[in-house]
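The values are calculated or read from the model by the stated rules, or taken from the named source; none is laboratory data. Model, not experiment: these values are computed from the prediction. Here the Cβ positions follow ideal geometry from the backbone for every residue, glycine too, while neighbour counts run over all protein chains shown.
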Amino acid sequence: MYYSPYPYVLYANHYPQWVTANHSSPSQIPRQLAMPTNPTNISPFPPVNTHKFKTSAKDIQNIMQQAHLLVDKISVSEQFAHDLINAAQTSNKTEVDRLISSTGITITFDTKYTPDSIRINLTKNGCCGLTIILNW
């Protein structure tokens, strides 16, 4: 912003040079800054295809059903929850994976855990996934 000590009197030298260069007509927007008006302008993005997106949405519904099996087992069974926490805290990955598989999950999963939480990534066909984070 240019400071003018006289707010109601404007002088040409108070404006940047590009404004006063063509003062007889409105200034033109530089071509590289103007919005494209050519409808044949090629977009840098691929054309919209909803097939894969809809397939991912259907697959995520299946993943959510699988996640419900796991979460339901943890919330209902005190013994299962205890065994899962114990195996995770002692870093017994084979036991953690066995316990999770015993819930009826048929899709691939990956587990990571810390002394106070577990993160279970459920994925299907590399198209989509769901991450469950449970703290204890």
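What the table below lists for this structure:
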| read-out | value |
| --- | --- |
| Residues located in segment 94-124, provided they are more than 28 Å from the chain's Cα centre (by Cα) and more than 20 Å from LEU69 (Cβ to Cβ) | THR94 |
| Positions within segment 81-93 being over 12 Å from LYS112 (Cα atoms) and not aliphatic (A, V, I, L, M), in sequence order | HIS82, ASP83, ASN86, THR90 |
| Residue match in segment 106-120 (condition: part of a loop (DSSP other than H, G, I, E, B) and within 28 Å of SER56 (Cβ to Cβ)) | yes |
| Lone qualifier among GLN66, GLN79, GLN89 - being exposed (fewer than 11 other Cβ atoms within 10 Å of the Cβ) and modelled with pLDDT of 90 or more | GLN79 |
